[in-house]
Amino acid sequence: MKQKLLFFIVFLFPFFVYAQQPAEVKGNVISSVTGKPVAGVIVTLRGQDRQTRTDSKGLFSFQKVAVGKDTLSLNAASIRPQEIPVDILAGMPTVLNDVQVVDLNAVEDMSLVGVIDEVLTDDDAESSSQEISSTVILSNDVYLNRAAYQLSPARFRVRGYDSYYEQKYINGVSFNDQLRGVFNYAAIGALNDMTRNGDVTNYNRPSAFTFGSIGGAENINMRAGNNASGTKVTLSYTNRNYYLRGMATYSTGLTDKGWAFTVSVGGRYSDRGNIEGTYYRNFSYALSVEKQWKEGRHSLSLTTFGSPVERGQQGASYQEVYDLTGNNLYNPNWGYQNGKRRNAKVVKAFDPTVILSHVWKINENTSLTSGIAFHYGRYGNTALNWYNGPDPRPDYYRYLPSYFEDTVIQEQYAALWRSKNRTFTQINWDKLYRANELNITQGNGSAIYMVEERRSDLYETSFNSTLNAVMKGNMKLFAGIGLRATTSRQFKTVDDLLGAHYVLDIDKFAEQDFSGDPEKLQNNLNHPDRKALKGDKFGYNFDLNIYSANAWVLNQYSTRKLDYYYGFKLTYTYFQRDGKMRNGRYPTTSYGKGASHSFTDIALKGGLTYKINGRHFITGNISYATEAPLPNNSYVSPRITDKTVKNLKSGSYFSADLNYVFSLPSLNGRVGVFQTNFYDQMDRISYYDGISGTFINHVVTGINRIHRGMEVGLTYKLNNHWSFDLAGTLSEYYYNNNPMGTINSENGKIDNREEKVYLRNFYVGGTPQFAGTFGLRYFIKYWFLGANINGFARNYIEVAPLRRLASNYDNVDPTVPETMEAYRSLVDQERFDDSYTIDLSIGKIFYLPGRSSINFNLSVNNLLNKENIRTGGYEQGRMDITYPNRFGSKYYYMQGINCFLNVSYKF
């Protein structure tokens, strides 16, 4: 009983306490150049720690505030931050008409081109209040702003975190899917004008719309009332996966009757991308309608959007292939069919979404934001499949010179690769058709070769509701709940029979060990020996039903010298597999609803900011959380059985950071250190083992990792024209234990083989651990010039757990140099070469009569055309100690010189 009473006092009592203030402050914010209202500006009454946001007409207001002298701070990613002293009088409203700001929304979206930099025109005003508010300064993190764009071509990940630690919300509703935990950016592709506004929370700091996560959180605001009236048309050219992009957006702004409408369409296209065999076709749409009632107490918005896309993919390959072709961007996924290019790996995706959102301003100090979203995600990825025929992939290891011991044959194959004969170096589609035609005339007409589409569709319903309250004593309360229901449908279909009559629905791998029992060959015992036709489901078919609920609360308190916050979150997660096929290898655990799995997890966080004065801050943050395992990783072979790893349990992490933040008239930035310890993490690695003749699922559990390092972000403003910035990290991410691995094969040959995986002290791969950028910016008369030099170091290949099993090296004789050399080559982790790139950019805004404008931006990345920079790679799961170089690693390389030209017209 005492515990319940304590919970009520600490977390619920603040809901009922509100400050009564006698005065009012209101005004409007406009662009200093165009004179148009600027929406989405965060307006803070610093002395009283009150905050609001301008609407589509640029209006803001504070009710029931204290009288006396105070300071208004105006800040947003799209304007020059500034502060205005105000004298609040009793008995009459304090009205600030036409507060002018430098509106950088007139410039192109920063996240797209990286040309125009809002920090160029930062104006650090002296504080005129004894109460120091750190909100504005801490929200503009120099390190994150610079690193996010400039280092992205090297696949840089902030603090080495996986993408599911970055939470994405749209209109207050969570949009990280529950299967893999990530946000699908393709769902909002070419909708930049609709997604440029929102709130960002760095790392795990307090947020008004979510409890947060260590990777940060963003709430994209797509409500129509957030957009100023007008039309914008944009046309872009680039030499990347697509070369043409177009967008058009029209918004009415908020009318006198409280209605707002915004519509946006866009698209991206290329028939041939920069990488051979790739292409891109995309059309996007969005519509938002909002109604605001008088006095702004209620707002109801309906937003719908979608971005169907079809794109041909690039594949990684061996260094041997890159050397033989003389092309580090070689793509093995395509070939010619009847003289036309065709890609075997094509993604087709469509994510139509509807969001209904309601904002209730209960009073001047309290608001409740609620939203419900309905989301369907159609995702398909095609791939070649074959049965009783040679491997059709052109870079299959048996087709490489290194596979052969005879030097004459080696040279013959090397000559074939160097000849660049596309019938050999790429997929020979005509040959696949001929093989199927031959099987029609001389065989049973089944497909030797075919194209399958592997589907992963999502049906999600999400509900979030968040309460924000400002209470007596400079305290803020944020609290919320979230409910989600997801059905993930996993299956594959026949996409193209390549001229064959049908494909027999059996498992080709099971033939390696079917022990004389023909039932083991069947993918579906309920329909044995089924002949699947185009569009039919075959191979596997199952659903994952996932449900979750969470509740969280966070208190934030501010004093003259010290700010602190603390929060708590409780999450319940439930998932269950529902098989639609009875598999011959697992007839009792593949069909119907399987065992249910549920987890209850907690998260705690807190932090404080010590304000040395108005320009110098010391901040510290700490968090601990347990996390339910992702359903996508929990099953040992989810396509054919309900079996999960033993002792399935939640993982956890503990994270802390300490920072010095400063904002001087000419210099501002942050220097910080961080450490995050991950415990009991889980991963599943899948690959085909050609030696054993089976498809392997290797689930590794109990993984512990440490991510730690230092971050520096600085901006120096020489004068009104020149500025310089520096952002970089010195860090290390590594495994600090030897977890347990469980191996299963889909043909039933290997069943729950457990063995320790020796990962201790190996590095986490896939991202540079030393990285930085130094840039200079020049701004004059709305000309914007920029240049950056970017450096990347300590980037490691992603290790394969199979190569770190002791049993694979039982026969290694340490006294034999050859075998020891083979052993070392297989277990040592490769480090990529250090590298650097240079980027240049230029932009200009032309203001026209009638408050119209034309904006152009040109950015050129990797100016030195360096094509030898490895951005990623992975070890193959399979290995052969006798021929250690036979199954080499596969790599990705950075594209050479590339550009982005953007022109937009606003009227």
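At least 1 residues being among the aliphatic types (A, V, I, L, M) and in contact with a helix residue (DSSP H, G or I) (Cβ under 7 Å, 6 or more places away or on another chain) is the threshold, and among the strands (runs of 3 or more DSSP E) wholly inside the stretch 157-234 those reaching it are 217-220. Total residues in the stretch 571-585 satisfying the condition of being touching a residue at least 60 places away in the same chain (Cβ under 8 Å) and under 10 Å from Asp642 (Cβ atoms): the figure is 2. If the condition is being β-branched (Val, Ile, Thr), surrounded by fewer than 20 Cβ atoms within 10 Å (Cβ to Cβ) and touching a residue at least 40 places away in the same chain (Cβ under 8 Å), then the stretch 651-684 contributes only Val671. Regarding Arg398, is this residue surrounded by fewer than 14 Cβ atoms within 10 Å (Cβ to Cβ) and either in a helix (DSSP H, G or I) or touching a residue at least 12 places away in the same chain (Cβ under 8 Å) (or both)? So Arg398 passes the test.
Is it the case that the stretch 592-600 has a residue that's touching a residue at least 24 places away in the same chain (Cβ under 8 Å), of a type in the set (Val, Ile, Thr) and either under 29 Å from Asp507 (Cα atoms) or surrounded by fewer than 16 Cβ atoms within 10 Å (Cβ to Cβ) (or both)? The answer is yes, given that some residue of the stretch 592-600 is touching a residue at least 24 places away in the same chain (Cβ under 8 Å), of a type in the set (Val, Ile, Thr) and either under 29 Å from Asp507 (Cα atoms) or surrounded by fewer than 16 Cβ atoms within 10 Å (Cβ to Cβ) (or both). Among residues of the stretch 82-100 that are assigned to a strand (DSSP E or B), those with a beta-carbon under 6 Å from a residue that is surrounded by fewer than 13 Cβ atoms within 10 Å (Cβ to Cβ) and of a type outside the set (Asp, Glu) at least six positions away or on a different chain give the pairs Asp87/Lys69. Inside the stretch 160-177, residues that are polar (S, T, N, Q) and surrounded by 24 or more Cβ atoms within 10 Å (Cβ to Cβ) make up a count of 2.
Scanning the stretch 613-650 for residues that are surrounded by 20 or more Cβ atoms within 10 Å (Cβ to Cβ), among the aliphatic types (A, V, I, L, M) and either at positive phi or touching a Pro at 6+ places or on another chain (Cβ under 9 Å) (or both) turns up just one, Val645. When restricted to residues that are under 22 Å from Lys348 (Cα atoms) and surrounded by fewer than 15 Cβ atoms within 10 Å (Cβ to Cβ), the stretch 417-457 contains 0.
In the condition set (1) outside any strand (DSSP E or B); (2) touching a residue at least 24 places away in the same chain (Cβ under 8 Å), Thr588 is compliant with all but (2). Of all residues in the stretch 307-344, those satisfying the criterion of being free of Cβ contacts under 8 Å to residues at least 24 places away in the same chain and of a type in the set (D, E, K, R) are Asp323, Lys340. If you check Ile897 against the conditions, is it over 30 Å from Tyr734 (Cα atoms) and hydrophobic (A, V, I, L, M, F, W, C)? Yes. Inclusion of Asn474 among residues that are at pLDDT 95 or above and either in contact with a helix residue (DSSP H, G or I) (Cβ under 8 Å, 6 or more places away or on another chain) or not aliphatic (A, V, I, L, M) (or both) is not warranted. Among the candidates Glu295, Glu290, Glu276, Glu320, the residue that is closer than 30 Å to Gln63 by Cβ and not in a strand (DSSP E or B) is uniquely Glu295. Each residue in the stretch 14-44 was checked for being surrounded by 17 or more Cβ atoms within 10 Å (Cβ to Cβ), over 36 Å from the mean Cα position of the chain (by Cα) and modelled with pLDDT under 80, and 3 pass. Note on the stretch 125-160: among residues that are among the acidic types (Asp, Glu) and at pLDDT below 65, the one that is nearest to Gln675 (Cα to Cα) is Glu131. Just checking, how many residues over the stretch 694-722 are under 30 Å from Tyr782 (Cβ atoms) and in contact with an Asp or Glu (Cβ under 8 Å, 6 or more places away or on another chain)? Residues meeting the conditions: 5. Taking the listed residues Tyr883, Tyr836, Tyr847, the one that is surrounded by fewer than 17 Cβ atoms within 10 Å (Cβ to Cβ), assigned to a strand (DSSP E or B) and modelled with pLDDT under 95 is Tyr847, with no other qualifying. Scanning the stretch 629-643 for residues that are of a type outside the set (Val, Ile, Thr) and either touching a residue at least 60 places away in the same chain (Cβ under 8 Å) or in a strand (DSSP E or B) (or both) gives Leu630, Pro631, Asn632, Asn633, Tyr635, Ser637, Pro638, Arg639, Asp642, Lys643. Could we say that Leu901 is of a type in the set (A, V, I, L, M, F, W, C) and under 13 Å from Tyr836 (Cα atoms) here? So Leu901 does not fit the description; no.
Within the span defined as the stretch 548-570, every residue fails to be assigned to a strand (DSSP E or B), surrounded by fewer than 20 Cβ atoms within 10 Å (Cβ to Cβ), at pLDDT 95 or above and in contact with an Asp or Glu (Cβ under 7 Å, 6 or more places away or on another chain).
Residue check: Thr210 meets all listed conditions (1) surrounded by fewer than 22 Cβ atoms within 10 Å (Cβ to Cβ); (2) out of contact with any Asp or Glu (no Cβ under 8 Å at 6 or more places or on another chain) but one, namely (1).
Condition check ((1) on the phi > 0 side of the Ramachandran plot; (2) hydroxyl-bearing (Ser, Thr, Tyr); (3) more than 34 Å from the chain's Cα centre (by Cα)) across all residues:
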| residue | (1), (2), (3) |
| --- | --- |
| Leu438 | no, no, yes |
| Glu452 | no, no, no |
| Ser462 | no, yes, no |
| Ser465 | no, yes, no |
| Gly480 | no, no, no |
| Ala485 | no, no, no |
| Phe491 | no, no, no |
| Tyr502 | no, yes, yes |
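Residues Ile372, Ile355: which one is surrounded by 21 or more Cβ atoms within 10 Å (Cβ to Cβ), within 30 Å of Val470 (Cβ to Cβ) and not hydroxyl-bearing (Ser, Thr, Tyr)? Among Ile372, Ile355, only Ile355 is surrounded by 21 or more Cβ atoms within 10 Å (Cβ to Cβ), within 30 Å of Val470 (Cβ to Cβ) and not hydroxyl-bearing (Ser, Thr, Tyr). Among the candidates Ala373, Ala383, the residue that is under 30 Å from Gln292 (Cβ atoms) and either acidic (Asp, Glu) or at pLDDT 95 or above (or both) is uniquely Ala373. Among the criteria (1) within 24 Å of the chain's Cα centre (by Cα); (2) surrounded by fewer than 18 Cβ atoms within 10 Å (Cβ to Cβ), the one Thr303 does not fulfil is (2). Residue count for the stretch 766-808 satisfying the condition of being buried (at least 16 other Cβ atoms within 10 Å of the Cβ) and not in a strand (DSSP E or B): 16. Candidates are the residues of the stretch 809-823 that are of a type in the set (Ser, Thr, Tyr) and within 17 Å of Arg878 (Cβ to Cβ); the one that is surrounded by the fewest Cβ atoms within 10 Å (Cβ to Cβ) is Tyr809.
Filtering Val816, Val799, Val812 for residues that are of a type in the set (A, V, I, L, M, F, W, C), farther than 26 Å from Asp725 by Cβ and within 25 Å of the chain's Cα centre (by Cα) leaves a single hit, Val799.
The values are calculated or read from the model by the stated rules, or taken from the named source; none is laboratory data. For clarity, every value in this text was computed on a predicted model and none was experimentally measured. As a convention, Cβ positions derive from the backbone with ideal geometry for all residues, glycine included, and neighbour counts pool all protein chains shown.
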